[in-house]
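One structure is given below, encoded as structure tokens.
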Amino acid sequence: MGEKKSFYTFQFWLLCASSVLFMASFNMIIPELPSYLDAMGGEDYKGLIIGLFAGTALISRPFSGKLADTIGRIPVMIIGPLVCVALGLLYPAFTTIWGFLFLRILHGFSTGFKPTGTTAYLADIVSSKNRGEAMGILGVAGSIGMAAGPAIGSYIAMEFSLNTMFYASSFTALLSVLVLFGMKETLPSTTKFKPKMLLIHPKDILEPLVWRPSLIMLLTVYSFGTVLTVTPDLSDHLEIGNRGLFFTVTLLASVVVRLFSGKASDKFGRIKVLMVGVCMLLAAMIVLGFASTPFIMYIGAILFGVSAGINSPTIFAWTVDLADEKTRGKGMSTMFIALELGIILGSVFGAELYDNDPEQFKYAFWFAATLAALGFFYLLRLLSYNRSKN
């Protein structure tokens, strides 16, 4: 597609609005899920709250990437929120441990589709010189949903009930679908859906061109899986009433940074900016490991938000830079596979290292710090290699 004079179009803002609503819809319930599972007697399954969700999302990525490149970006974006609408209504009806975990498996399909279509759509309407900036602004929208959702969800659960929180999640997802009907398809040539499109060949799963940003995504997003799983219990341990406040602090830090980090990566390069972001992530995980007071935890939340605000739009833009224009959906799905795998590992191993023992919070966070350090040294080596070539 040709160069765009500006990406601040009506379509762009609709895309951002849909992202806010979608991210809020499924993040709204996350802080309350560990205690919800505890009440069922499922304390030992906390790692699966995020792990099963991310696992299904990972499995669905090749399908969403292939469909985004064939039937279009918008149909793929609609599938995810519709799953959230249905499941938000079903959570109150599934009151056993295994019923709950089954819904978490199904819920993962939502994030397996919506973000793949969203990022491919954005890549279609934004020129390469503004790619990082656009990803940063879209990331602000997503961050608002991801961080405001938990705080709102916890408030609804405390003031009303858990069932009301689930219904609010469903309604928010429905709103994100309605926004999409005002958008125009950007895939130049679409194909009518046929069941055989669901046959996935090995070549449909991974895009080798984007393996470097995907590796960095895997090493850094592990921390996010750990944070999602462990910080609600850390908040309880530190006697913080609203488990979503950690994510609200993260949001504020992330939003401010995203307004500048994407543009900085357009100007200074993806690798240099990522090195700064990964250093901030390393610091965040170390600080959270030492969190013995709410103040220290919030310092960690700020550092974590800053790192997310730098890393996310930069990795997304780097992935689009390297992906083939004809298979952008597959390129983005490959990066998201790495994202989901990182979240799964972070949630499962984070829960295992923590093991419901407050004395072991530090081990969960510090292992995440180790992986962030590995990511930094890889970026440093890659930067040195690129300089030697020039």
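The values are calculated or read from the model by the stated rules, or taken from the named source; none is laboratory data. Every value quoted in this text rests on a predicted model; they were computed, and no experiment measured them. Cβ atoms come from the backbone with ideal geometry, glycine included; neighbour counts cover every protein chain shown. The area values use the complete protein model at the heavy-atom level, side chains included, leaving out ligands, DNA and RNA. Shrake-Rupley method; radii C 1.70, N 1.55, O 1.52, S 1.80 Å.
Across all Cα pairs in segment 203-305, the calculated P(r) in 5 Å bins from zero up to the longest distance comes to 2, 11, 19, 22, 17, 12, 9, 5, 2, 0 percent per bin. Sorted largest first, the spans of the alpha carbon positions of segment 10-147 along the three principal axes are 52, 29, 23 Å. Dividing the Cα radius of gyration of segment 226-276 by its Kirkwood radius returns 1.18 for Rg/Rh. The alpha carbons of segment 91-151 occupy a box of 51, 24, 12 Å along the principal axes, longest dimension given first. In plain terms, if you count all Cα to Cα distances in the chain and split them into 10 Å steps from zero, the share in each step is 5, 25, 36, 25, 8, 1, 0 percent. With the simple spin-label model, which puts each label point 7 Å out from Cα in the Cβ direction, the S128 to K196 separation comes to 3.5 nm. Dividing the summed helix terms, -39500 (n - 2.57) for each DSSP H run of n ≥ 4, by the number of residues in the chain produces a 222 nm estimate of -27000 deg cm²/dmol to the nearest 500. How far apart, in nanometres, would the label points at S292 and S35 be if each is projected 7 angstrom from Cα along the Cα-to-Cβ direction? Placing both labels 7 Å along Cα→Cβ, they lie 2.6 nm apart. Within the accessible surface of the chain, defined with a 1.4 Å probe on protein heavy atoms only, the carbon and sulfur portion equals 69 percent.
Quote the FRET efficiency, to the nearest 0.05, computed for W98 versus W13 with a Förster distance R0 of 45 Å and r equal to the Cβ-Cβ distance. Could the numbers behind the result be given before it?
On the way: r = 42 Å, r/R0 = 0.93.
Taking R0 as 45 Å, the efficiency between W98 and W13 is 0.60.
What does the charge dipole of the chain about its Cα centre add up to, to the nearest 20 debye, if the Cβ of each Lys and Arg holds +1 and the Cβ of each Asp and Glu holds -1? Could the numbers behind the result be given before it?
Numbers: 29 positive and 24 negative charges, 387 e Å.
The dipole magnitude comes to about 1860 debye.
Values of log10 I(q)/I(0) for segment 273-333 across q = 0.24, 0.28, 0.30 Å⁻¹ run -0.85, -1.00, -1.07, by the Debye formula with one identical scatterer at each alpha carbon and no solvent.
An ellipsoid equivalent to segment 95-220, defined through the eigenvalues of its Cα gyration tensor, has semi-axes of 30, 21, 18 Å when rounded to whole angstrom and sorted largest first.
Near I49, once Lys and Arg are set to +1 and Asp and Glu to -1 for all other residues with Cβ below 12 Å from its Cβ, the sum equals -3.
Could you list the square roots of 5 times each eigenvalue of the Cα gyration tensor of segment 234-381, that is, the equivalent ellipsoid semi-axes, sorted largest first and rounded to whole Å?
Its equivalent ellipsoid spans semi-axes of 29, 17, 14 Å.
Rolling a 1.4 angstrom probe over the protein heavy atoms, how many square angstrom per residue are accessible across the chain?
Working: 15840 Å² over 390 residues.
Ligands and nucleic acids excluded, the figure is 41 Å² per residue.
Coordinate range of the alpha-carbon atoms in segment 314-360 per principal axis, descending: 49, 17, 8 Å. Using only side-chain charges placed at the Cβ, +1 for Lys and Arg and -1 for Asp and Glu, the dipole size of segment 1-143 relative to its Cα centre rounds to 500 debye. Within the chain, the longest run free of exposed loop sites, counting trypsin sites (Lys or Arg not before Pro) that sit outside DSSP helix and strand states (H, G, I, E, B) and have at most 14 other Cβ atoms within 10 Å, spans 193-390. Evaluated over the Cα positions of segment 1-78, the convex hull gives a direction-averaged projected area, one quarter of its surface, of 7.2 nm².
Rounded to whole Å, give me the distance from the Cα center of segment 300-331 to that of segment 26-88. Centre-to-centre (Cα) distance: 20 Å. Based on alpha carbons, the Rg and Dmax found for segment 142-186 are 13.0, 43 Å.
Kindly point out which whole DSSP H helices in the chain project their C-alpha atoms 30 angstrom or further along the helix axis while averaging a Kyte-Doolittle hydropathy of -1.0 or above.
Qualifying helices: 46-68, 97-125, 131-159, 211-237, 245-268, 294-322, 328-354, 361-389.
Which order do Y363, Y378, Y91 take when ranked by solvent-accessible area (1.4 Å probe, heavy atoms of all protein chains), largest first? Spell out each step's value before the answer.
Details: Y363 115, Y378 50, Y91 0 Å².
The ordering from most to least exposed comes out as Y363, Y378, Y91.
Heavy-atom accessible area with a 1.4 Å probe sorts E43, E207, largest first, into E43, E207.
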